[in-house]
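**Q** Submitted below is the structure of interest, expressed as structure tokens.
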């Protein structure tokens with residue numbers, strides 16, 4: 001397995017005494033396995049680590065040990081000797097796709113799950129750890145292996161649990177029922193997607209980005225609009241496919257041809273469409 005890293009540092013106000021920092025910053029990297037044992041180390045704020053005989057992150061029901069996580073410990077120091085440390089949970093896995101399949105670690109995967117919501121009848125939108133555990137237990141009881149974060153980024157505690165439990169996530173931005181597709185809306189949409197990708201790009205559970213839910217993509221302006229939003233998203237992260245939950249009539253759909261994976265929500269059917277002309281659709 002290969003772990004590539006690029007650490008951005010802030011060179012001011014670090015350390016308990018908050019001394020002025022120099023521009024010379026160094027990074028030391030330590031990789032720990034799921035039991036907390038040392039695996040390997042590296043120096044430098046940018047580079048790659050080769051993990052021999054790596055334990056891969058697998059989704060629930062695809063392995064006897066799903067959700068395997070390493071910890072990447074980063075220590076930052078400067079000439080003044082100040083040090084900051086940050087642990088990052090990571091998983092080693094690949095996501096790939098072609099005209100017929102979505103694959104994890106080169107194995108085809110079928111998504112079974114739901115469009116979830118981040119609320120409950122007794123807590124509303126309030127964060128509740130026991131309810132998070134209960135929700136994931138219910139997902140497993142259903143035989144589910146995934147959910148879509150309909151229709152907004154979820155709390156990091158929920159994302160942490162997905163990483164640990166091997167539950168795959170279609171990570172969606174807060175863009176519901178969009179229409180008009182003018183430039184100010186597009187610029188805001190791109191900014192939101194960039195923030196979402198930068199927050200969640202290191203999570204192995206996130207296997208796909210969703211740029212919205214049920215837009216009025218039967219409008220002709222939707223094609224150019226979503227082409228630019230998807231391009232900006234893939235500029236941030238090209239390792240995952242980009243999708244959108246669609247519900248417009250297929251013979252009037254304009255966003256589909258710029259997506260990697262097309263989800264017609266009410267058909268409950270996912271097809272890859274990276275090379276599919278707008279006017280042609282595979283049978284359900």
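The values are calculated or read from the model by the stated rules, or taken from the named source; none is laboratory data. Everything quoted here is computed from the prediction, not taken from an experiment. Neighbour counts run over all protein chains shown; Cβ positions are idealised from the backbone, glycine included.
**Q** Output the residues belonging to the range 10-33 that are part of a loop (DSSP other than H, G, I, E, B), at pLDDT 60 or above and surrounded by 15 or more Cβ atoms within 10 Å (Cβ to Cβ).
**A** 33 - this is the single residue of the range 10-33 that is part of a loop (DSSP other than H, G, I, E, B), at pLDDT 60 or above and surrounded by 15 or more Cβ atoms within 10 Å (Cβ to Cβ).
**Q** Just the residues that are surrounded by 11 or more Cβ atoms within 10 Å (Cβ to Cβ) and in a helix (DSSP H, G or I), please, taken from the range 101-133.
**A** Within the range 101-133, 131, 132, 133 meet the criteria.
**Q** Could you please let me know if residue 69 is within 20 Å of residue 162 (Cα to Cα) and either at pLDDT 95 or above or surrounded by 13 or more Cβ atoms within 10 Å (Cβ to Cβ) (or both)?
**A** On the way: within 20 Å of residue 162 (Cα to Cα): yes; either at pLDDT 95 or above or surrounded by 13 or more Cβ atoms within 10 Å (Cβ to Cβ) (or both): yes.
Against the criterion (within 20 Å of residue 162 (Cα to Cα) and either at pLDDT 95 or above or surrounded by 13 or more Cβ atoms within 10 Å (Cβ to Cβ) (or both)), residue 69 qualifies.
**Q** Something else: Can you tell me which residue in the range 134-143 is surrounded by the most Cβ atoms within 10 Å (Cβ to Cβ), limited to those that are in contact (Cβ under 8 Å) with a residue 12 or more places away in the chain and closer than 20 Å to residue 69 by Cβ?
**A** Across the range 134-143, the extreme among qualifying residues is 139.
**Q** Still on this structure, please answer the following. For the range 43-80, which positions are closer than 15 Å to residue 25 by Cβ, without any contact (Cβ under 8 Å) to a residue 60 or more places away in the chain and out of contact with any strand residue (DSSP E or B) (no Cβ under 8 Å at 6 or more places or on another chain)?
**A** Matches in the range 43-80: 79 only.
**Q** Could you tell me whether residue 53 is more than 17 Å from the chain's Cα centre (by Cα) and more than 25 Å from residue 160 (Cβ to Cβ)?
**A** On the way: more than 17 Å from the chain's Cα centre (by Cα): yes; more than 25 Å from residue 160 (Cβ to Cβ): yes.
Yes, satisfied.
Listed here are the residues, each with its yes/no results for (1) more than 28 Å from residue 219 (Cα to Cα); (2) out of contact with any strand residue (DSSP E or B) (no Cβ under 7 Å at 6 or more places or on another chain).
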position: 122; (1), (2): yes, yes
position: 127; (1), (2): yes, yes
position: 132; (1), (2): yes, yes
position: 136; (1), (2): yes, yes
position: 161; (1), (2): yes, yes
position: 173; (1), (2): no, no
position: 187; (1), (2): no, yes
position: 190; (1), (2): no, yes
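**Q** Any residue at all in the range 219-231 that's touching a strand residue (DSSP E or B) at 6+ places or on another chain (Cβ under 8 Å), crowded, with 17+ Cβ neighbours inside 10 Å, in a strand (DSSP E or B) and at pLDDT 95 or above?
**A** no
**Q** Turning to a different aspect of this structure: Report, by residue number, each residue of the range 137-149 that is farther than 21 Å from residue 194 by Cα, touching a helix residue (DSSP H, G or I) at 6+ places or on another chain (Cβ under 9 Å) and part of a loop (DSSP other than H, G, I, E, B).
**A** 144, 145
**Q** Which count do you get for residues in the range 150-177 that are touching a residue at least 40 places away in the same chain (Cβ under 8 Å) and part of a loop (DSSP other than H, G, I, E, B)?
**A** The qualifying residues number 6.
**Q** A further question on this structure: From 142, 138, 131, 178, which residue is assigned by TED's automatic domain parsing to the domain that holds residue 224, over 20 Å from the mean Cα position of the chain (by Cα) and under 25 Å from residue 250 (Cα atoms)? Give the derivation first.
**A** On the way: 142 fails: under 25 Å from residue 250 (Cα atoms); 138 fails: under 25 Å from residue 250 (Cα atoms); 131 fails: under 25 Å from residue 250 (Cα atoms).
Residue meeting the stated conditions: 178.
**Q** With the checklist (1) in contact (Cβ under 8 Å) with a residue 60 or more places away in the chain; (2) farther than 25 Å from residue 51 by Cβ; (3) touching a helix residue (DSSP H, G or I) at 6+ places or on another chain (Cβ under 9 Å) in hand, flag the one item residue 113 doesn't pass.
**A** The number of the failed condition is (1).
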